[in-house]
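Engineer: Have a look at this one.
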Amino acid sequence: MKNSKYKGYSGELKVNYRAFTDISPEERPREKLLAKGPAALSDMELLAILLNTGIRGKNVRVLAGELLGLLDRNKDIPAIKELSHLSGLGQSKACAVAAMLEFGRRRYGSISAHVKEPSDIFALIRHYADRKQERFISLSLNGAHEVLAVRIVTIGLVNRTIVHPREVFADLIQDRAAAFCVAHNHPSGQLQSSPEDEEITARLQASAQILGLHFLDHLIFSETAWWSFRQNGKLEGNEPQ
């Protein structure tokens with residue numbers, strides 16, 4: 001995260017996705033799902049399967065990318081009205097998307113993953129690594145370090161984002177969390193921390209001490225790898241005072 005005068009960002013960078021018909025058959029979402037299972041697909045590919053088709057002038061891959069951007073900017077399931085504002089989605093598809101998200105939350109949202117080491121964090125957030133802009137993500141944990149919630153706190157530009165501790169702790173307090181982790185992706189693939197990354201980590205740690213929360217780790221991640229502040233000695237101490 002590089003420091004800048006940037007204070008917020010409400011949209012996605014425009015990306016011209018190729019149609020799936022321009023991709024080799026084995027890499028198309030349905031064929032990929034059949035061959036490798038749903039875990040092998042990106043978030044955008046999963047949404048493309050759900051949407052099935054696009055509209056004239058906007059293929060399903062573009063529509064899925066726009067829907068993904070909308071979902072990333074919302075901490076909860078968007079209202080049908082908001083979903084249907086996306087050109088090409090329509091009320092029927094908006095209802096299907098909302099139903100899918102709510103079913104997933106009811107069926108699997110209560111299954112608690114444990115965070116014991118950085119690789120556990122990476123497994124929960126690595127699907128955000130393909131985003132073209134930085135996402136700053138928080139993970140709320142209970143006293144047993146079971147995951148209560150995973151949220152995108154802010155969305156930045158291609159190589160920068162900015163976050164204030166209050167934005168992170170607002171959700172943690174709401175979740176009645178006892179511990180937390182944070183992470184952000186580097187679209188460039190470079191995993192080395194910047195001075196700004198280290199500054200926000202120090203501010204979060206100081207705030208966590210005051211609030212009595214256990215700050216487990218801060219990960220910088222790409223699609224294939226991660227870098228841990230704690231493992232690299234840049235986040236000292238284990239328990240709040």
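Engineer: Scan the stretch 152-170 for residues that are surrounded by 18 or more Cβ atoms within 10 Å (Cβ to Cβ) and not in a loop (DSSP other than H, G, I, E, B) and report the count. It would help to see each step written out before you state the result.
Structural biologist: At the first step, the residues of the stretch 152-170 found to be surrounded by 18 or more Cβ atoms within 10 Å (Cβ to Cβ) are 152-156, 161-163, 168-169.
Keeping just the survivors that are not in a loop (DSSP other than H, G, I, E, B) gives 152-155, 168-169.
Adding up the residues that qualify gives 6.
Engineer: Return the residues of the stretch 193-238 that are surrounded by fewer than 15 Cβ atoms within 10 Å (Cβ to Cβ) and within 18 Å of residue 128 (Cα to Cα); say none if nothing qualifies.
Structural biologist: 223, 224, 225
Engineer: So, one more: Would you confirm whether any residue within the stretch 7-30 is assigned to a loop (DSSP other than H, G, I, E, B), modelled with pLDDT of 85 or more, within 19 Å of residue 127 (Cα to Cα) and touching a Pro at 6+ places or on another chain (Cβ under 9 Å)? So that I can check it myself, show each step before the final result.
Structural biologist: Our first condition is that a residue be assigned to a loop (DSSP other than H, G, I, E, B); within the stretch 7-30, this holds for 7-19, 23-24, 28.
From what's left, modelled with pLDDT of 85 or more: 28.
Next, from what is left, pick out any that are within 19 Å of residue 127 (Cα to Cα): 28.
Next cut, touching a Pro at 6+ places or on another chain (Cβ under 9 Å) only: none.
No, that holds for no residue.
Engineer: All but one of (1) in contact (Cβ under 8 Å) with a residue 60 or more places away in the chain; (2) assigned by TED's automatic domain parsing to the domain that holds residue 56 hold for residue 90; which doesn't?
Structural biologist: (1)
Engineer: Looking at (1) farther than 25 Å from residue 50 by Cβ; (2) in contact with a strand residue (DSSP E or B) (Cβ under 8 Å, 6 or more places away or on another chain); (3) surrounded by fewer than 19 Cβ atoms within 10 Å (Cβ to Cβ), which is the only condition residue 113 fails?
Structural biologist: For residue 113, the failing item is (1).
Engineer: Please identify the pairs in which a residue from the stretch 163-180 that is under 10 Å from residue 139 (Cβ atoms) has its Cβ atom under 6 Å from the Cβ atom of a residue that is part of a helix (DSSP H, G or I), counting only partners at least 6 apart or on another chain.
Structural biologist: 180/172
Engineer: Checking the condition outside the structural domain of residue 54 (by TED's automatic domain parsing), part of a helix (DSSP H, G or I) and either farther than 26 Å from residue 167 by Cα or of a type in the set (D, E, K, R) (or both), which residue from 126, 131 passes? Steps first, answer last, please.
Structural biologist: Details: 131 fails: part of a helix (DSSP H, G or I).
Answer to the check: 126.
Engineer: Sticking with this structure for a sec: Do we find a residue being among the β-branched types (Val, Ile, Thr), on the phi < 0 side of the Ramachandran plot and over 19 Å from the mean Cα position of the chain (by Cα) anywhere in the stretch 66-83?
Structural biologist: Just the residues of the stretch 66-83 that are among the β-branched types (Val, Ile, Thr), to begin with: 77, 80.
Those still in the list that are on the phi < 0 side of the Ramachandran plot too: 77, 80.
Those still in the list that are over 19 Å from the mean Cα position of the chain (by Cα) too: 80.
Yes, the conditions are met somewhere in the stretch 66-83.
Engineer: Being closer than 22 Å to residue 65 by Cβ and of a type in the set (A, V, I, L, M) is true for just one of 168, 163, 150. Which residue is that? Show your work before the answer.
Structural biologist: Details: 168 fails: closer than 22 Å to residue 65 by Cβ; 163 fails: closer than 22 Å to residue 65 by Cβ.
Every option except 150 fails the conditions.
Engineer: Scan the stretch 191-223 for residues that are assigned to a loop (DSSP other than H, G, I, E, B) and touching a residue at least 40 places away in the same chain (Cβ under 8 Å) and report the count. Give the derivation first.
Structural biologist: Keep residues of the stretch 191-223 that are assigned to a loop (DSSP other than H, G, I, E, B), which gives 191-194, 212-213, 222-223.
Right, trim to touching a residue at least 40 places away in the same chain (Cβ under 8 Å) and you get 193-194, 213, 222-223.
Looking only at that region, the number is 5.
Engineer: Here's another thing I want to ask about it. Within the stretch 72-85, which residues are without any contact (Cβ under 8 Å) to a residue 40 or more places away in the chain and surrounded by fewer than 17 Cβ atoms within 10 Å (Cβ to Cβ)? Let's see the steps before the verdict.
Structural biologist: Restricting attention to the stretch 72-85, the residues satisfying the condition of being without any contact (Cβ under 8 Å) to a residue 40 or more places away in the chain are 74, 76-85.
74, 76, 79, 80, 81, 82, 85 - these are the residues of the stretch 72-85 that are without any contact (Cβ under 8 Å) to a residue 40 or more places away in the chain and surrounded by fewer than 17 Cβ atoms within 10 Å (Cβ to Cβ).
Engineer: Also, quick follow-up: Hydrophobic (A, V, I, L, M, F, W, C), part of a helix (DSSP H, G or I), at pLDDT 95 or above and closer than 24 Å to residue 76 by Cα, is that true of residue 180? Break it down into steps so the answer makes sense when it comes.
Structural biologist: Values: hydrophobic (A, V, I, L, M, F, W, C): yes; part of a helix (DSSP H, G or I): no; at pLDDT 95 or above: yes; closer than 24 Å to residue 76 by Cα: yes.
Against the criterion (hydrophobic (A, V, I, L, M, F, W, C), part of a helix (DSSP H, G or I), at pLDDT 95 or above and closer than 24 Å to residue 76 by Cα), residue 180 does not qualify.
The values are calculated or read from the model by the stated rules, or taken from the named source; none is laboratory data. Because the structure is a prediction, the values reported are computed rather than measured. So basically every Cβ, Gly included, is an ideal-geometry build from the backbone, and we count neighbours across all protein chains shown.
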